[in-house]
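I have placed the structure first, in the form of structure tokens, so that the comments after it can refer back to it.
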Amino acid sequence: MKLNSTQVEQTLNQMNAHVLPDDHPAVTQLTDVFGDHTFFLDESGLKVLEPAEAPEMEIQSGEVVSLADWTDSTLTSLTPHAPELTGTTIVFREIKH
């Protein structure tokens, strides 16, 4: 799921990660492999959000999905794996101006 700037900010407030900016050299390759997402890196690897299946909730949310794990202690090399739900849900709050 591709996030807008408000959703990125709300995600970063709810999980300890860094967002890869759209102009980062790796984003094109990651998009080719995993599809059009906003990509996050945390202490365990590469993550994206997928829309949460919660029709009873009016608030939009996303489930954190792990796509790749770090293979070294310096966090410089990733190994992709089958998408895995992490059990973390990010809730997006509507901002009213």
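Evaluating Ala82 against the criteria (1) farther than 21 Å from Gln7 by Cα; (2) within 12 Å of the chain's Cα centre (by Cα) leaves one unmet condition, (2).
For the structure I just gave you, tell me whether Ser73 is modelled with pLDDT under 95, of a type in the set (Gly, Ala, Ser) and exposed (fewer than 10 other Cβ atoms within 10 Å of the Cβ). Yes: the conditions hold for Ser73.
Looking across the range 1-40, the residues that are surrounded by 12 or more Cβ atoms within 10 Å (Cβ to Cβ) and aliphatic (A, V, I, L, M) come down to Met1, Leu3, Val8, Leu12, Met15, Ala17, Val19, Leu20, Ala26, Val27, Leu30. For residues in the range 13-26 being free of Cβ contacts under 8 Å to residues at least 24 places away in the same chain and in a helix (DSSP H, G or I), which is nearest to Glu50 (Cα to Cα)? Selected residue: Asn13.
One residue stands out among those in the range 27-55 that are touching a residue at least 12 places away in the same chain (Cβ under 8 Å) and in a helix (DSSP H, G or I): the one that is nearest to Leu67 (Cα to Cα), which is Phe34.
The values are calculated or read from the model by the stated rules, or taken from the named source; none is laboratory data. Here the structure is a predicted model, which means the values were calculated and not measured. We place every Cβ from the backbone using ideal geometry, glycine too, and count neighbours over all the protein chains shown.
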